[in-house]
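Quick note: the coordinates plus some simple rules give every number you see, no bench work behind them. Worth saying up front: this structure is predicted, and the values here are computed from it rather than measured. Every residue, glycine among them, receives a Cβ derived from its backbone with ideal geometry; neighbour counts consider all protein chains shown.
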Amino acid sequence: GESVGLHLPTLSVQEGDNSIINCAYSNSASDYFIWYKQESGKGPQFIIDIRSNMDKRQGQRVTVLLNKTVKHLSLQIAATQPGDSAVYFCAEISHNAGGTSYGKLTFGQGTILTVHP
Amino acid sequence: DTEVTQTPKHLVMGMTNKKSLKCEQHMGHRAMYWYKQKAKKPPELMFVYSYEKLSINESVPSRFSPECPNSSLLNLHLHALQPEDSALYLCASSQDAGRGYGYTFGSGTRLTVV
């Protein structure tokens, strides 16, 4: 579920390490998922997406894994760099009871990633 | 062009002012969105426009009035706002509202209501 408090989960890593950011979702009707990176003062920046008919998708230095059985999504960042420091959000496209999406993105609470040189 | 452009980047307004936020995209996307983001929180949906028609209003107070003049432009008219309306206002677009592919955000307008 969503965090109610002001404190986002945090992940601190050393430069060059691999990072794994996790996200749980609740809507079993969601069929499209996106990971965003948000730097301070900026809008969310698209990183990678995955459709529900896949369980893994790779991009440049990033991999998204989807486990529909347990409604879990993860973002793996290889060889993390200081420029990767940001808040990372997972998001899902919500559907209404009839299975129609109106394009509403539902965001997870976010994770603060800090990469130390 | 793969961007969503928002203006202004920063806006300070009094509670009696009327102002407008603007959003533009030239990706041929037919769905456009307004989100509100408070500090340390994820973005929250306000409005969805699909093919230039308002399709979702997430129970937003009437002091926020959206407008979609054409498929590339989205405005948010502000009037009689409250200090608690201070936030980052994000515009987004996607290929269509049905599947949301290509969901792209602008950099936002940082709004401060005094």
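For chain B, the calculated P(r) over all alpha carbon pairs, in 5 Å bins from 0 to the bin holding the longest distance, is 2, 13, 25, 26, 19, 10, 4, 1 percent.
Mean partner shielding of peptide A:44-53, defined as the number of other chain Cβ atoms within 10 Å of each residue Cβ, is 3.
Volume per residue for the range B:28-90 equals 83 cubic angstrom (convex hull of Cα atoms).
Over the protein assembly as shown, what portion of Cα pair distances is larger than 27 Å, expressed as a whole percent? Roughly 34 percent, rounded to a whole number. Compute log10 of I(q)/I(0) for the range B:64-106 with the Debye formula, placing one identical point scatterer on every Cα and leaving out solvent, at q = 0.30 Å⁻¹, to two decimals. Normalising to I(0) and taking log10 leaves -1.13. Note on chain A: percent of Cα-Cα distances in each 5 Å bin, starting at 0 and stopping at the bin with the largest distance, equals 2, 12, 22, 24, 20, 12, 6, 2, 1, 0. With unit charges on the beta carbon (Lys/Arg positive, Asp/Glu negative), name the residue among A:Ser85, A:Pro9, A:Ile21 whose Cα is farthest towards the positive pole of the charge dipole of chain A. Farthest towards the positive pole: A:Ile21. Applying 1/(1 + (r/R0)^6) with R0 = 22 Å to the Cβ-Cβ distance of B:Lys53 and A:Ser52 gives a FRET efficiency near 0.20. Rounded to the nearest 0.05, what FRET efficiency do A:Gln60 and B:Asn70 have when you use their Cβ-Cβ distance and R0 = 41 Å? Calculated transfer efficiency: 0.70. Taking every residue in B:94-105 and counting other chain Cβ atoms within 10 Å of its Cβ, the average works out to 6. Can you list the lysines whose alpha carbon sits under 16 Å from that of B:Lys53, skipping same-chain ones fewer than 8 residues off? In chain and number order, the partners are A:Lys104.
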